[in-house]
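The values are calculated or read from the model by the stated rules, or taken from the named source; none is laboratory data. Keep in mind that this is a model prediction, so the values were computed, not measured. Because the Cβ atoms are built from the backbone with ideal geometry, glycine has one as well, and the counts that use them run over all protein chains shown. Surface areas here come from the heavy atoms of the whole protein model, side chains and all, with no ligands, DNA or RNA. Shrake-Rupley method; radii C 1.70, N 1.55, O 1.52, S 1.80 Å.
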Amino acid sequence: MNKIITIGRELGSGGRTIGKEVARRLGIEYYDRQIIDDAAKISGLSAEYIQKSEDNITGSLLYSLVMNMPYGSGCFEKSRETLPLDTQIFLAQQEAIVSPAAKGSCVIVGRCADYILKDKEKLLRCFIYAPIENRVRRAVNEYGAAENGAEKMIRQMDKKRGSRYNAFTDQIWGARANYDLMINSASFGLMGACDLIIESFDRINSR
């Protein structure tokens, strides 16, 4: 049975680095930006357009309704041309997440993967967060963000990620009820967070 770890994260919390390291240690596949490329192939839209769309999603009842379309029912193929482009993109990303999760064990970062795969057995849903001062420091030192604008940039991106997640699910981004494990990466460090995820992963899969 395939074993899946999903990682949601606040910007600057180190979630992407943690996800890559966890996948490396476990010897399983890692998916993040590749989902954009795969969704581009599925939808016929450019990867650049999909990335831009991700950064500008707003809430809509239609998104929640579409999110509940049964995967594999042909809904996407039958109706994609009549749906808003943002919704077409989400459905393509949904397919780009479900497909690798069906093929083998993997780590998937972001893009509502915890919700899309919520009914899957052997799933560990993680969320990485950290105090704003730690995230600002990481954004400046590792992402090259301007120090005087880093906090504003982080809060704006968090708001966009939350809006996208809330728009396509019936859940709230970052709410503890949606995850099996929430880790403050400032308290444990990135490698300590990896240790916690792997230990939790082993516990879930030994049941």
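Below are the figures for this structure:
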| quantity | calculated |
| --- | --- |
| Residue count for the stretch 91-110, restricted to those that are open to solvent by 30 Å² or more (accessible area, probe 1.4 Å) and not in a helix (DSSP H, G or I) | 1 |
| Within the stretch 37-57, considering residues that are open to solvent by less than 70 Å² (accessible area, probe 1.4 Å), without any contact (Cβ under 8 Å) to a residue 60 or more places away in the chain and not in a loop (DSSP other than H, G, I, E, B), the one nearest to ASP114 (Cα to Cα) | ALA39 |
| Residue in the stretch 17-33 that is part of a loop (DSSP other than H, G, I, E, B), more than 15 Å from the chain's Cα centre (by Cα) and modelled with pLDDT of 90 or more present | yes |
| Residues being touching an Asp or Glu at 6+ places or on another chain (Cβ under 8 Å) and among the hydroxyl-bearing types (Ser, Thr, Tyr) - total across the stretch 18-53 | 1 |
